[in-house]
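Enquirer: Quick one: structure below, then a few questions.
The values are calculated or read from the model by the stated rules, or taken from the named source; none is laboratory data. As the structure is a computational prediction, the values presented were derived from the model and not from experiment. No Cβ is skipped: glycine too gets one built from the backbone with ideal geometry, and neighbour counts run over all protein chains shown. Side chains included, ligands, DNA and RNA excluded: accessible areas come from the protein's heavy atoms. Shrake-Rupley method; radii C 1.70, N 1.55, O 1.52, S 1.80 Å.
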Amino acid sequence: MKLAFTLATASALAFSCAAVAETYPSKPIRLIIPFAVGGSTDNLGRVLAARLSEKLGQQVVADNRPGAGGNIGTDLVAKAPADGYTLLLATEGTLGINPSLYKKLPFDPERDFTPIALFASVPNILVVNPKVQAKTVGELVAYAKSKPAALNMGSAGNGTTNHLSGELFQAMTGASFTHVPYKGSGPAMADLLANQIQLMFDNFPGSLPQVKAGGLRALAVTSAKRSPLLPDVPTMAEAGVPGYDVEVWFGVAAPKGLPTDTLATLSKAITEITEEPATVQKILSIGATPLTSTPSEFGQRIHSAKEKWAPIVAQSGATID
């Protein structure tokens with residue numbers, strides 16, 4: 001009887017321990033943000049981490065791991081255990097552009113990650129120094145065609161989304177600018193305000209304050225729809241460039257092999273957060289637009305981004321060893 005009792009007790013304890021082990025999450029989660037503190041990626045990541053902590057009942061720590069165009073933090077996640085406790089705030093740049101931009105990428109966006117859910121997107125905005133005579137996209141294109149390479153187009157660096165947004169614009173319109181890459185949007189913005197460069201396809205949050213203050217003139221947003229924050233600024237399609245649509249997406253991914261139940265838990269939580277009115281307002285206040293998706297839809301978005309940007313990167317000549 002004593003042996004039977006002992007075996008029964010041991011079985012019950014083993015079952016109990018297994019049940020506890022299978023409960024996700026049972027400890028804090030790291031959300032790796034592969035860029036520095038203060039930018040759009042960081043701001044969105046912190047909104048998500050704070051709300052996801054409340055939703056899951058475990059702390060979600062926003063962990064910035066910047067460097068190499070987002071590759072350092074992204075690679076960290078690619079090589080982490082697939083247990084749901086190390087997540088990546090993925091961007092279109094890291095998973096969609098970098099595969100074509102970097103000659104030696106330490107990870108494969110489709111092979112090494114489990115897409116979980118999209119979270120938000122940020123359009124770029126075509127802004128010019130007020131001293132530029134062009135007041136519309138059409139006038140800018142006409143001037144750039146009549147005086148090829150006369151206008152300087154700044155960017156946060158070779159291969160960044162604002163650089164490639166400009167390259168796509170030139171390819172679609174026949175306009176010709178001189179690209180001036182900077183080490184980040186901040187220095188580029190300073191020179192744009194000083195008219196050292198004349199235009200930039202900047203991320204929305206970076207240019208919005210300057211546009212509202214009158215320091216820059218906004219000609220068009222790069223998204224398919226107008227932004228509620230600048231409702232009078234047309235889209236590129238409305239401004240005369242049909243088919244031009246650039247919105248940099250942000251989503252959450254995990255290492256390949258994430259358990260199905262963990263994937264379902266995270267996907268459901270992120271989608272519900274993105275649909276909450278309070279979170280929607282926070283996302284909009286950053287200059288972004290909320291997005292939702294299934295894991296498979298996010299995976300398709302990654303694949304489509306690689307296909308979209310590869311020829312633009314090749315055309316631009318941008319490459320990083």
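Enquirer: Restricting to strands (runs of 3 or more DSSP E) lying wholly in region 58-142: which have 3 or more residues that are surrounded by 24 or more Cβ atoms within 10 Å (Cβ to Cβ)? It would help to see each step written out before you state the result.
Expert: Numbers: elements: 60-64, 86-91, 113-128.
So the answer is 86-91, 113-128.
Enquirer: Looking for whichever is of a type in the set (Phe, Trp, Tyr) and within 14 Å of the chain's Cα centre (by Cα) here; the options are 107, 35. Which one fits? Quick ask: steps written out before the conclusion?
Expert: On the way: 107 fails: within 14 Å of the chain's Cα centre (by Cα).
The unique qualifying residue is 35.
Enquirer: Does residue 225 satisfy the condition of being among the basic types (Lys, Arg), under 20 Å from the mean Cα position of the chain (by Cα) and either under 23 Å from residue 315 (Cα atoms) or modelled with pLDDT of 95 or more (or both)?
Expert: Details: among the basic types (Lys, Arg): yes; under 20 Å from the mean Cα position of the chain (by Cα): yes; either under 23 Å from residue 315 (Cα atoms) or modelled with pLDDT of 95 or more (or both): no.
For residue 225, the condition - among the basic types (Lys, Arg), under 20 Å from the mean Cα position of the chain (by Cα) and either under 23 Å from residue 315 (Cα atoms) or modelled with pLDDT of 95 or more (or both) - is not met.
Enquirer: A further question on this structure: Which one of 258, 219 is crowded, with 20+ Cβ neighbours inside 10 Å, in contact (Cβ under 8 Å) with a residue 24 or more places away in the chain and under 22 Å from residue 143 (Cβ atoms)?
Expert: Working: 258 fails: under 22 Å from residue 143 (Cβ atoms).
From the options 258, 219, the qualifying one is 219.
Enquirer: Identify, by number, the condition in (1) over 25 Å from residue 100 (Cβ atoms); (2) open to solvent by 60 Å² or more (accessible area, probe 1.4 Å); (3) in contact (Cβ under 8 Å) with a residue 24 or more places away in the chain that residue 243 doesn't meet.
Expert: Here residue 243 clears every test but (1).
Enquirer: Got at least one residue in region 170-183 being touching a residue at least 40 places away in the same chain (Cβ under 8 Å), in contact with a helix residue (DSSP H, G or I) (Cβ under 7 Å, 6 or more places away or on another chain) and among the aliphatic types (A, V, I, L, M)?
Expert: Checked region 170-183: at least one residue is touching a residue at least 40 places away in the same chain (Cβ under 8 Å), in contact with a helix residue (DSSP H, G or I) (Cβ under 7 Å, 6 or more places away or on another chain) and among the aliphatic types (A, V, I, L, M).
Enquirer: Here's something else I'd like to know. Before we move on, is residue 286 within 15 Å of the chain's Cα centre (by Cα) and under 14 Å from residue 113 (Cβ atoms)?
Expert: On the way: within 15 Å of the chain's Cα centre (by Cα): yes; under 14 Å from residue 113 (Cβ atoms): no.
No: the conditions fail for residue 286.
Enquirer: Can you report the number of residues in region 32-69 which are farther than 24 Å from residue 101 by Cβ, touching a residue at least 40 places away in the same chain (Cβ under 8 Å) and among the hydrophobic types (A, V, I, L, M, F, W, C)?
Expert: Residues that pass the stated criteria total 4.
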